[in-house]
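Encoded as structure tokens, the structure appears first; notes follow it.
The values are calculated or read from the model by the stated rules, or taken from the named source; none is laboratory data. Being a predicted model, the structure only gives us computed values, none of them experimental. Every residue, glycine as well, gets a Cβ built from its backbone with ideal geometry; the counts of neighbours run over all protein chains shown.
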């Protein structure tokens with residue numbers, strides 16, 4: 001429990017948002033959506049850089065925690081990084097695009113199909129981060145396909 005209060009624990013918890021009493025993963029995803037939206041407003045390159053930083057910091061932070069053999073519910077930096085990935089597939093910021101991005105990421109994160117589930121079963125920092133990064137990539141791929149028919 002003491003590791004949660006370290007600087008790395010604070011980052012892993014999404015600045016404390018992971019300690020929400022209910023649905024910490026959803027709140028972490030909403031934080032990722034907000035941070036990603038701010039970065040996307042600057043451009044796709046700053047967003048990509050933010051994803052890389054969040055994934056790197058998250059992997060290191062989770063690796064420093066005693067509970068790295070499992071995914072403690074309060075660790076949400078993985079959701080933050082993963083939720084930002086589908087935003088890369090958007091041409092810009094729109095309410096529809098943000099809603100679709102959020103819904104698709106949560107869909108893949110919760111259902112954990114194929115490689116998402118495989119990564120989740122690793123039970124180390126790479127698995128904790130990896131399942132959400134893969135879920136984000138799946139959501140981005142679906143958004144790219146949707147954009148062929150619907151403006152997002």
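Kindly evaluate residue 102 against the criterion of being within 15 Å of residue 30 (Cα to Cα), within 13 Å of the chain's Cα centre (by Cα) and at pLDDT 95 or above. Walk me through how you get there before you give the answer.
On the way: within 15 Å of residue 30 (Cα to Cα): yes; within 13 Å of the chain's Cα centre (by Cα): yes; at pLDDT 95 or above: yes.
Yes, satisfied.
Given the structure, is residue 55 at negative phi, outside any loop (DSSP other than H, G, I, E, B), out of contact with any strand residue (DSSP E or B) (no Cβ under 6 Å at 6 or more places or on another chain) and modelled with pLDDT of 95 or more?
On the way: at negative phi: yes; outside any loop (DSSP other than H, G, I, E, B): yes; out of contact with any strand residue (DSSP E or B) (no Cβ under 6 Å at 6 or more places or on another chain): yes; modelled with pLDDT of 95 or more: yes.
Taking the combined requirement at face value, the residue satisfies it.
Determine if segment 14-30 includes at least one residue that is without any contact (Cβ under 8 Å) to a residue 40 or more places away in the chain, in a helix (DSSP H, G or I) and out of contact with any helix residue (DSSP H, G or I) (no Cβ under 8 Å at 6 or more places or on another chain). Steps first, please.
The first filter runs over segment 14-30 and keeps only residues without any contact (Cβ under 8 Å) to a residue 40 or more places away in the chain, leaving 15-16, 20-23.
If we keep only those that are in a helix (DSSP H, G or I) too, we end up with none.
No, every residue in segment 14-30 fails to be without any contact (Cβ under 8 Å) to a residue 40 or more places away in the chain, in a helix (DSSP H, G or I) and out of contact with any helix residue (DSSP H, G or I) (no Cβ under 8 Å at 6 or more places or on another chain).
Give segment 101-115 a look and list any residue that's over 25 Å from residue 15 (Cα atoms) and in a helix (DSSP H, G or I), or say none.
Quick first cut of segment 101-115, residues over 25 Å from residue 15 (Cα atoms) only: 111-115.
Scanning segment 101-115 gives 111, 115.
Taking segment 31-47, which residues are assigned to a helix (DSSP H, G or I) and either surrounded by fewer than 16 Cβ atoms within 10 Å (Cβ to Cβ) or touching a strand residue (DSSP E or B) at 6+ places or on another chain (Cβ under 7 Å) (or both)? Don't jump to the end; show me each part of the working.
Pass one, segment 31-47, residues assigned to a helix (DSSP H, G or I): 31-42, 44-47.
34, 38, 41, 42, 44, 45, 46 - these are the residues of segment 31-47 that are assigned to a helix (DSSP H, G or I) and either surrounded by fewer than 16 Cβ atoms within 10 Å (Cβ to Cβ) or touching a strand residue (DSSP E or B) at 6+ places or on another chain (Cβ under 7 Å) (or both).
If you go through segment 116-152, how many residues are buried (at least 20 other Cβ atoms within 10 Å of the Cβ) and part of a loop (DSSP other than H, G, I, E, B)?
Residues that pass the stated criteria total 0.
Is one or more of the residues making up segment 76-99 touching a helix residue (DSSP H, G or I) at 6+ places or on another chain (Cβ under 9 Å), assigned to a loop (DSSP other than H, G, I, E, B), touching a residue at least 60 places away in the same chain (Cβ under 8 Å) and closer than 17 Å to residue 58 by Cα?
Taking every residue of segment 76-99 in turn, at least one turns out to be touching a helix residue (DSSP H, G or I) at 6+ places or on another chain (Cβ under 9 Å), assigned to a loop (DSSP other than H, G, I, E, B), touching a residue at least 60 places away in the same chain (Cβ under 8 Å) and closer than 17 Å to residue 58 by Cα.
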